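Data first, discussion second: the structure below is written as structure tokens.
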2 protein chains.
Amino acid sequence: MTRFFLAAATVAGLLTALPAAAQFQKPEDAVKYRKAAFQVMGTHFGRIGAMASGRAPFDGAAAAANADVVAFVSKLPYAGFVEGTSGTEKGSPKANVWTERAKFDGEAKKMQDAVAALAVAAKANNLDQLKAAFGNAAGTCKSCHDNFRNQ
Amino acid sequence: MTRFFLAAATVAGLLTALPAAAQFQKPEDAVKYRKAAFQVMGTHFGRIGAMASGRAPFDGAAAAANADVVAFVSKLPYAGFVEGTSGTEKGSPKANVWTERAKFDGEAKKMQDAVAALAVAAKANNLDQLKAAFGNAAGTCKSCHDNFRNQ
């Protein structure tokens, strides 16, 4: 687990060190990429949510594996928020992602920290700890969506 | 790097240990998930390809970071190949994914091994080594696509 976080932190550091302009050929590619990363993350996060809410039986090993994927993939989508890719349709990012970028990046960081904590908590094989850490992480999703995503 | 592979192997082991039926509510969710995972993997793999082909300047740190993402995400999409999700349109999986599942799984394993080797090679900070490992990995993509994907 420690190994995982060391590795994930290294990957994230290197990825964010890349010049943004070099990462996507076209803005549409960035949009596709970030949607895909959120789709993968959301799938695994949702499986933990199903356990936390009692819709699925608690399985500590599965929770831990899913949380590790969420923690790793949480580092990826933000590179896809390149200039000129706001929208107005439901689910798309509002223009204030770019006009309030520091606040947006802060929301991203809070989520990444919360899912890293979720990955730690999930290793405890304890449903109450999982529920608490899942709730915290879900709160960071909601906060960012409330502020920066079209409803 | 060793740390990364230990962690990735652990995650993959746990994920594949989950009962397939428990992983997706609906077949469409599995399709969305696998497409998203390939989209993320392809984005990072493509950046290495751009360096390997000379379309982008060689950057050893970026190559290594991208290869680590490819190696991690390579474990994910195959859970999304659930029964009843073949297609006929370009890019969709052919029915033989399920009638020749052992062969398909073998192709997947070859790709995962090749991108794990790519992640090792990328750490050498040497363009020739990167080119060779990228070529091997790209060959495994092509082989599976030629056999199992609608053209």
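The values are calculated or read from the model by the stated rules, or taken from the named source; none is laboratory data. Computed from a prediction, not measured in an experiment: that's the story for all the values here. Note that each Cβ is placed from the backbone with ideal geometry, even for glycine, and that neighbours are counted across all protein chains shown.
Here the condition is being surrounded by 15 or more Cβ atoms within 10 Å (Cβ to Cβ), touching a strand residue (DSSP E or B) at 6+ places or on another chain (Cβ under 7 Å) and at negative phi; of A:104, A:148, it holds for A:148 alone. Does the stretch B:81-94 include one or more residues that are in a helix (DSSP H, G or I), hydroxyl-bearing (Ser, Thr, Tyr), out of contact with any helix residue (DSSP H, G or I) (no Cβ under 9 Å at 6 or more places or on another chain) and surrounded by fewer than 18 Cβ atoms within 10 Å (Cβ to Cβ)? So far as the stretch B:81-94 goes, no, none of its residues is in a helix (DSSP H, G or I), hydroxyl-bearing (Ser, Thr, Tyr), out of contact with any helix residue (DSSP H, G or I) (no Cβ under 9 Å at 6 or more places or on another chain) and surrounded by fewer than 18 Cβ atoms within 10 Å (Cβ to Cβ).
Every condition in (1) within 15 Å of the chain's Cα centre (by Cα); (2) in contact (Cβ under 8 Å) with a residue 40 or more places away in the chain holds for residue B:44 except the one numbered (2). Somewhere in the stretch B:64-73, is a residue of a type in the set (Gly, Ala, Ser), assigned to a loop (DSSP other than H, G, I, E, B) and at pLDDT 95 or above? Looking through the stretch B:64-73, none of the residues is of a type in the set (Gly, Ala, Ser), assigned to a loop (DSSP other than H, G, I, E, B) and at pLDDT 95 or above. Mind listing whichever residues of the stretch B:54-80 are at the interface with another protein chain (Cβ under 9 Å from one of its Cβ atoms) and among the aliphatic types (A, V, I, L, M)? Answer for the stretch B:54-80, where residues must be at the interface with another protein chain (Cβ under 9 Å from one of its Cβ atoms) and among the aliphatic types (A, V, I, L, M): B:56, B:61, B:62, B:64, B:65, B:69, B:73, B:76.
Here is the figure for the stretch A:83-96: residues that are closer than 29 Å to residue B:67 by Cβ and modelled with pLDDT of 95 or more total 2.
Are any of the residues in the stretch B:11-29 touching an Asp or Glu at 6+ places or on another chain (Cβ under 7 Å), buried (at least 18 other Cβ atoms within 10 Å of the Cβ), assigned to a helix (DSSP H, G or I) and modelled with pLDDT under 95? Yes, some residue in the stretch B:11-29 is touching an Asp or Glu at 6+ places or on another chain (Cβ under 7 Å), buried (at least 18 other Cβ atoms within 10 Å of the Cβ), assigned to a helix (DSSP H, G or I) and modelled with pLDDT under 95. Whether a residue is over 20 Å from residue B:146 (Cα atoms), surrounded by 15 or more Cβ atoms within 10 Å (Cβ to Cβ) and either of a type in the set (S, T, N, Q) or touching a strand residue (DSSP E or B) at 6+ places or on another chain (Cβ under 9 Å) (or both) was assessed, and residue B:129 passes this test. Taken over the stretch B:123-144, residues that are over 16 Å from the mean Cα position of the chain (by Cα) and of a type in the set (A, V, I, L, M) amount to 4.
If the condition is being within 11 Å of another protein chain (Cβ to nearest Cβ) and aromatic (Phe, Trp, Tyr), then the stretch A:28-53 contributes A:33, A:38.
With the structure loaded, tell me whether residue A:82 is β-branched (Val, Ile, Thr) and under 25 Å from residue B:77 (Cα atoms) or whether it fails that test.
So residue A:82 does not fit the description; no.
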